[in-house]
Each structure stands twice: as structure tokens, then as C-alpha cells.
Amino acid sequence: MLEYNLIKDLINAAETSHKKISEIVIEDQALSMELKPEELFNKMSGNFDVMCEAVIKGSDKDLKSMSGLTGGEAYQMQSYIANNNGGLSGNFVNNAVAAALAVASYNASMGKIVAAPTAGSCGILPGCLVSLYNFKRADKHDIIMSLFTAGAFGMVIANNASIAGAEGGCQAECGSASGMAAAALVELMNGTPEQCGHACAIAIANQLGLVCDPVAGLVEIPCIKRNVSGVMIAFSSADMALAGIKAKIPVDECIAAMQSVGSALPVALRETSGGGLADTPTGRKLKELVLLS
Amino acid sequence: MNVFDIIGPVMIGPSSSHTAGAVRLGRVANKIINIKDIKALKGLKLEIILSGSFARTYKGHGTDRALLAGIMGYHSYSEEIRDALQIASANGINYKFIEQDIKNAHPNTARINFELDDKVGTVEGASIGGGNIRVDLVNGMRVDFTGENNTILVLHWDRPGVIADVTSLMRLKYPSANIANFKLSRRERGGEALMTIELDNRRGALDNEREMAADIQGLNNVINAIVIRAI
């Protein structure tokens with residue numbers, strides 16, 4: 001049985017058995033859940049289908065959040081890509097941006113999403129993986145498997161730090177999702193388990209200290225756009241790891257640092273909307289607007 | 001914790017605590033009202049008190065829709081949640097939301113008062129994060145369960161021997177069921193009383209427990225027995 005206490009142990013277990021992390025995780029989880037690996041795969045496949053559908057439905061031109069503060073950003077991004085030959089960052093990357101926007105704003109409009117690991121960070125894994133799938137840059141079976149790697153990294157983070165904004169700030173939600181996605185991307189691009197660890201470490205290190213400061217207490221501003229930065233950090237971290245660049249601070253120590261930084265964050269910056277963007281003049285004005293509507 | 005707690009659950013957004021948890025709280029009320037067919041809820045009167053953060057952010061999080069959807073029996077992944085206000089009205093359900101802070105309550109607390117013919121009751125609970133809930137009050141009686149385990153609620157008349165009847169039935173007919181937590185509460189001697197029985201999680205236990213609740217319901221002095229499924 002795997003313990004999910006250290007990423008180092010997951011990497012060692014995969015390397016000694018010459019398997020991918022996702023392969024040892026699906027076997028282990030099947031044992032502990034007393035189900036067949038195929039049953040777990042099918043369930044995960046269902047979750048991936050929900051992600052794909054959220055990308056489509058969240059790209060609707062007329063999408064509006066419940067508060068009316070956000071909506072339609074994914075459509076705007078898609079139009080920009082179409083009219084500008086992919087835009088500054090290019091077709092693939094900007095489609096990933098649009099996908100993350102789509103899922104995060106679909107969430108804000110009461111759409112069906114997969115919490116990964118949370119609802120607030122639900123756009124990051126689809127932003128990375130659904131775009132790989134749409135651009136045929138990875139096989140669907142492998143993408144679904146890579147979600148087991150992402151999930152295993154998330155379990156280690158949850159066991160040692162937190163995945164809740166109220167406890168650890170946004171680094172715990174978008175930071176965790178980004179680290180999980182980076183590991184999944186490395187596995188999909190045939191990187192080694194060790195490189196998965198480096199990618200996760202780099203992604204977490206790049207979001208350390210990110211506060212949770214939702215305007216009007218809603219999962220919209222700045223959450224939706226932070227899902228996009230989570231995607232970009234996941235891609236760049238995965239690419240660095242695949243290039244052989246190593247995280248100088250080991251991944252398990254990055255997770256421990258995230259925990260201590262989270263505990264050091266004042267309550268005002270942990271989902272209470274008492275500080276950060278929520279407590280700016282415009283943030284306060286938007287809150288009034290929502291309360292009056 | 002397993003991998004689907006991290007890559008999952010599938011839920012209707014935007015918030016696990018303010019939306020998904022609220023549906024689950026509503027579902028506890030649905031199970032206590034104990035009517036599966038939404039058409040049979042016609043005439044249901046609801047007065048829902050929203051306290052703390054629920055009172056201040058419910059519109060933007062759809063907490064009102066989520067609670068109502070749960071009360072009508074929908075799940076935290078049901079697409080109907082978004083249209084729950086209209087669905088309720090179309091089915092003759094009367095609802096009123098009241099923003100009012102409940103003293104000493106958890107920041108995300110809702111109190112659901114329901115009335116349908118002779119069924120009158122209250123469910124109060126909090127959404128404590130990540131879609132997890134804690135139920136505090138059922139029909140005026142203090143309870144305390146989280147939904148981490150499958151939980152059986154037995155509403156009964158306060159008479160000698162009822163607990164023994166329930167636990168003997170469990171011992172004899174469901175020997176693998178183990179009680180993790182047991183609580184009894186009542187308003188007054190001889191009146192309505194409530195057993196909260198949290199069970200250790202077992203593989204495939206749910207069907208077994210539904211059958212168990214049906215058996216318990218058949219015992220003398222038991223008014224109602226329901227299973228609240230674990231998260």
C-alpha cells in the first residue's frame with residue numbers, strides 16, 4: 001500500500017517497479033477501494049468527460065456568472081485566437097488559456113465541473129489536459145491515466161499542507177492544482193517520475209504565498225484568471241523539468257514550505273475577503289453592487 | 001482519502017462549501033421529510049434561515065438554489081440546481097429565505113423549517129468546508145453528525161427498551177455493522193426522541209443499511225428511520 005505522505009516515496013516506488021506513477025497509483029487505489037483498476041479508470045474517464053463538456057459549455061458567448069460580475073471571457077479569448085492567428089502566445093497555449101477560463105467561469109455560472117482539487121481551481125487541470133486532447137498531442141487513455149498521477153500528488157499535498165483557500169490561501173488551491181497538473185503533463189510527455197516531482201516543485205515554488213482574496217466572497221474575481229496563471233505555470237514548469245532543469249528545493253520541502261507560509265498568512269488573506277483585491281476601493285464597490293442586486 | 005477526493009467530486013459550482021455542501025444539507029431535510037416523489041411535495045412550505053457567510057453571499061454562490069434543490073431530493077451534481085427556484089415554484093413548493101444570524105452558529109449555517117400537511121420540522125446544520133456538513137439540530141433535538149460515515153437517524157417515542165430493540169436487531173440481523181458513534185436526544189420525557197447512529201464504513205454497506213433502516217422502521221415506537229449516506 002502507498003502512503004501518500006511523501007512524493008519522494010511515490011517516485012521511488014514507480015522507479016523501482018519501472019512503471020509510471022499513474023500505474024502504481026491506480027493499482028494501489030484499486031486495492032484500497034476494493035474495486036478493479038478498470039472501474040477506477042472508467043470513473044476517472046467520466047470525470048475527464050465532465051471536464052471536456054465544461055470547456056465547451058463554458059465557452060458560450062452569453063455565459064454569465066450568478067452575480068453578473070463575470071462571464072463570456074472564454075468566448076472573447078476564442079475570438080481573439082481566431083482573429084489573430086493564435087495571438088501572442090500562439091494557438092496551443094492560448095487555447096489552454098481559453099479552456100481554463102471556460103471551466104472556471106462555467107463553475108461561476110453554476111455549471112457542472114470536477115473539483116480538482118477544489119471548485120475554485122477547477123479550470124487548471126482541464127486547461128492543461130483538455131487542450132492537449134483537443135490538439136491531439138496526447139492519447140485519451142494516457143490523459144485519463146495522468147489524472148491518477150495528478151490525484152496522487154494532490155493527496156500528498158493535502159496530507160502535508162492543505163488544498164483549502166480558507167486554510168492555506170490561493171497557493172493551496174491554484175498552487176496545488178498547478179503542481180498536480182505539471183506532474184501530469186511531464187508524465188504525458190514521457191518524462192521520468194523524478195521529472196514529475198521537479199515540475200510539481202517548480203510550480204508550487206512559483207505560487208508560494210499567493211493569497212485568497214475573493215471579491216464579494218465569490219469564486220470569480222480574481223479566481224477565474226488565477227486558473228489561467230496556474231495553467232501557464234504548469235506548462236512552463238513541466239517544460240523546464242522535461243528540459244532536465246531541476247528544482248533546487250525538493251518537492252516535499254516545497255510542500256512543507258507551502259504549509260508554513262499558509263499558516264503565516266493573516267486571516268484577512270484566507271478566503272475571508274478582508275484583504276487583498278477584495279478590500280480595494282473597486283473590490284468593495286463590486287461587493288456593494290452584488291449585495292444590492 | 002482517495003484519488004477521487006482530489007480529482008472530484010463532480011459538482012455544480014461555484015463553491016464546495018456554499019453550493020455542494022448546501023445541497024447536502026438540503027438533502028438531510030429531504031430524507032427527514034421522507035418523500036421521494038417531487039410531485040408529492042406540493043404544498044410544502046419552507047422557511048429557510050441563512051446565517052453568517054450564507055446570509056451575505058448566498059445569491060452569488062447559489063446557496064438558496066442549492067438548499068432548495070437538496071430539499072427536493074437533487075444531488076450536488078444535478079444540473080437542476082441552477083433552476084431550483086423555478087422547479088420549486090412549478091411544483092407548488094412555497095419557500096422564503098430569511099437573512100438572520102443565528103447566535104453562536106458556524107459561519108455557514110442554514111436552518112430549514114418545513115411544513116407539509118402534518119409533517120412539521122426543522123433541520124439546522126453547517127457547511128464546514130470541502131462539501132462536508134455537520135448537522136446540529138433535527139426537529140428541535142440536538143444532533144451532531146458529519147456525514148463522514150453512513151448515519152442512521154431513528155425518530156421514535158421515548159419509551160423504555162427502544163434502544164435495546166434497535167441495537168439487538170442490528171446485532172442479530174446485521175452482524176457486520178459496527179457503531180462508530182451513538183447519540184440520543186429528546187425534548188421531553190415520553191415525547192419524541194432521536195437516535196443518531198453513525199456506522200463504520202464497510203464495502204457495499206449502503207444497501208445493507210437501507211434495508212436496516214427499513215427494518216428499524218418496523219419496530220414498535222419507531223416513527224421514522226432514515227439513512228444519511230456518507231460523503
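Hey, got the average number of other protein chain Cβ atoms within 10 angstrom for residues in B:59-65?
6
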Tilt relative to chain A, helix A:140-160 - C-alpha long axis, 0 to 90 degrees, to 10: 80 degrees
Quick check: residue separation of residue A:208 and residue A:253 times 0.36 nm, minus the Cα distance between them. What number comes out in nm? 15.0 nm
Hey, what angle do you get for helix A:193-205 against the long axis of chain A, alpha-carbon based, 0 to 90 degrees rounded to 10? 30 degrees
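Quick check: net charge around residue B:56, other residues with Cβ under 14 Å of its Cβ, Lys/Arg +1 and Asp/Glu -1? Numbers along the way, then the final one.
Working: positive: A:284, A:287, B:59; negative: A:271, A:288, B:64, B:99, B:101.
Net charge in that neighbourhood comes out at -2.
Determine the total buried accessible area between chain B and chain A, counting protein heavy atoms only with a 1.4 Å probe; round to the nearest 100 Å². Spell out each step's value before the answer.
Details: alone 11680 and 13030 Å², together 21870 Å².
Protein heavy atoms only, the B-A interface buries about 2800 Å².
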Determine the distance separating the Cα centre of the stretch A:279-293 from the Cα centre of the stretch B:179-196; give it in Å without decimals. 46 Å
Bridge type composition, the protein assembly as shown - antiparallel percent by DSSP, nearest 5: 85 percent
Where is the GNM fluctuation largest for chain B (alpha-carbon springs, 10 angstrom cutoff): B:203, B:27, B:159? B:203
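Once the cut-off is 27 Å, how many percent of the Cα-Cα pairs in the stretch A:1-129 end up in the long-distance tail? Each step should come with its number before you reach the end.
Details: 2968 of 8256 pairs.
The proportion of pairs with Cα distances above 27 Å equals 36 percent.
So if I place +1 on the C-beta of Lys and Arg and -1 on the C-beta of Asp and Glu, and nothing else carries charge, what would the dipole magnitude of the protein assembly as shown be about its Cα centre? I want it in debye, nearest 20. Before the final figure, lay out the partial values.
On the way: 48 positive and 54 negative charges, 200 e Å.
Result for the protein assembly as shown is approximately 960 debye, rounded to the nearest 20.
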Among the lysines, which fall within straight-line cross-link reach of residue A:19, defined as a Cα-Cα distance under 26 Å, with same-chain neighbours fewer than 8 residues apart omitted? A:8, A:36, A:43, A:136, A:140, A:246, A:248
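Which of the trypsin sites (Lys or Arg not before Pro) across the stretch A:248-293 are loop residues per DSSP, with 13 or fewer other Cβ within 10 Å?
Details: sites: A:248, A:270, A:284, A:285, A:287; in loops: A:248.
Within the stretch A:248-293, the qualifying trypsin sites (Lys or Arg not before Pro) (loop, at most 13 other Cβ atoms within 10 Å) are A:248.
Given the DSSP H assignment, sum -39500 (n - 2.57) over each helix run of at least 4 residues in chain B and divide by its residue total; what's the result at 222 nm in deg cm²/dmol, nearest 500?
Working: 7 runs with 67 residues, N = 231.
For chain B, the value works out to -8500 deg cm²/dmol.
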Put a dot 7 Å past each Cα toward the Cβ at residue B:98 and residue B:172; how far apart are the dots in nm? 4.6 nm
Selection from B:29, A:94, B:89, by position along the positive dipole direction of the protein assembly as shown (Cβ): B:89
Where does helix A:176-188 land angle-wise versus the long Cα axis of chain A, in degrees 0 to 90, nearest 10? 50 degrees
Let me check the size of the stretch B:71-198 from its C-alpha atoms; what are the radius of gyration and Dmax in Å? 17.1, 48
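How large is the dipole of chain A about the Cα centre if only Lys and Arg carry +1 and Asp and Glu carry -1, each at its Cβ, rounded to the nearest 20 debye?
Computed charge dipole of chain A: roughly 820 debye.
Among A:172-184, B:82-94, A:111-123, A:75-87, how do they line up from the highest to the lowest mean number of other beta-carbon atoms within 10 Å? Intermediate values should be presented prior to the final figure.
Working: A:172-184: 34.3, B:82-94: 16.1, A:111-123: 28.5, A:75-87: 14.3.
The packing order, highest mean first, is A:172-184, A:111-123, B:82-94, A:75-87.
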Using a basic spin-label model with each label point 7 Å from the Cα along Cα→Cβ, how many nm lie between residue B:42 and residue B:91? 1.3 nm
Which one of B:70, B:62, B:191 has the biggest mean-square fluctuation once chain B is modelled by GNM with Cα springs under 10 Å? B:191
Debye-sum result for chain A in log10 I(q)/I(0), which assumes one identical scatterer on each alpha carbon, at q = 0.08, 0.09, 0.14 Å⁻¹: -0.32, -0.40, -0.98
Using the Cα atoms as the points, what is the convex hull volume per residue of the protein assembly as shown in Å³? 148 Å³
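The values are calculated or read from the model by the stated rules, or taken from the named source; none is laboratory data. Everything numeric here is computed off the predicted structure, so don't read it as measured data. Positions of Cβ are generated from backbone atoms using ideal geometry, with glycine treated the same way; all protein chains shown enter the neighbour counts. Side chains are part of the model used for accessible areas, which takes the heavy atoms of the whole protein and leaves out ligands, DNA and RNA. Shrake-Rupley method; radii C 1.70, N 1.55, O 1.52, S 1.80 Å.
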